[in-house]
Amino acid sequence: ETVLYSKKGDIASIVLNRPNEINSFSIQMRDDLYQALEAMRDDPDVRVAVVSGAGERGFCAGADLTEFGTAPSQVIARDVRWERDLWGFFQMVGKPIIAVLHGYVIGSGIEIACPCDLRLASEDAVFHMPEAGLGMVPAAGGTQTLPRVVGVGRAQDVLLTGRQVLAPEAKRMGLVHRVVARDELMPEAERLADVIASLDPHAVYAARTAVAEGMDLPLDEGLALERRL
């Protein structure tokens, strides 16, 4: 299985599980991750999820380039993508998601992390958006989600130069919320998940929805959304 899903009490665990390939993002992983998010959304007992990557080398090394050109046709591939909008689904699950990032966080790894509500990184985490150097455009929302997380100027610096960003700088620019030692990464994520799970789920849902949907609204409409929620 390319994604492992489990739960302990009211906390779900979603693990990218291709450690021999540094969890490079494959078509199968896309489908499995979508199903894991569905499971999280539909389980009334789950209040928060933690997303992490298996193995010591990294959270996700980006798209599996060996699969490029293997789809039956561009038309079919595009239809499947629209029918299974993984990236939009992160916002639609209605429950907080914590990204736990270590080692290499490249391309799709960043694009998975950005829609998450909170992002924790180990001190050895390295962030990289290499698509421009490969003659490509980020294809999983990176040109849209990264600017919303770190601001347009910082996102352009990362997207257009393809430079690497180390964990301390990632924290300064707002890409991650906390940086901890590798051996403290998962315990810190679990502590944070316990705090969120202890709160009123309706209040958490309302606050999360207000932020996610209000970001793209004019201020007066965002305030009206907040009042309704």
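Brief remarks follow.
- L166 being of a type outside the set (S, T, Y), open to solvent by 10 Å² or more (accessible area, probe 1.4 Å) and at pLDDT 90 or above: yes
- Those strands (runs of 3 or more DSSP E) lying entirely in the range 98-196 with at least 3 residues of a type outside the set (F, W, Y): 118-122, 164-166, 178-180
Listed here are the residues, each with its yes/no results for (1) in contact with a strand residue (DSSP E or B) (Cβ under 8 Å, 6 or more places away or on another chain); (2) over 20 Å from F59 (Cβ atoms); (3) open to solvent by less than 30 Å² (accessible area, probe 1.4 Å).
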position: E188; (1), (2), (3): yes, no, no
position: R191; (1), (2), (3): no, no, no
position: R208; (1), (2), (3): no, yes, yes
position: G222; (1), (2), (3): no, yes, yes
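- Scanning the range 16-41 for residues that are touching a Gly at 6+ places or on another chain (Cβ under 7 Å), open to solvent by less than 60 Å² (accessible area, probe 1.4 Å) and either over 16 Å from I106 (Cα atoms) or among the polar types (S, T, N, Q) (or both) yields N23, S24.
- Criterion violated by G107 - all others in (1) in contact with a Pro (Cβ under 7 Å, 6 or more places away or on another chain); (2) small (G, A, S); (3) free of Cβ contacts under 8 Å to residues at least 12 places away in the same chain satisfied: (3)
- For the range 112-142, the set of residues classified as modelled with pLDDT of 90 or more and within 21 Å of G94 (Cα to Cα) consists of I112, A113, C114, P115, C116, D117, L118, R119, L120, listed by residue number.
- Test: L134 is under 14 Å from G53 (Cα atoms) and either in contact with a strand residue (DSSP E or B) (Cβ under 9 Å, 6 or more places away or on another chain) or open to solvent by 60 Å² or more (accessible area, probe 1.4 Å) (or both): no
The values are calculated or read from the model by the stated rules, or taken from the named source; none is laboratory data. In this text, all values refer to a predicted model and were calculated from it rather than measured experimentally. A quick note on method: Cβ atoms are made from the backbone with ideal geometry, for glycine too, and the neighbour counts reach across all protein chains shown. For accessibility, only protein heavy atoms count, side chains too; no ligands or nucleic acids. Shrake-Rupley method; radii C 1.70, N 1.55, O 1.52, S 1.80 Å.
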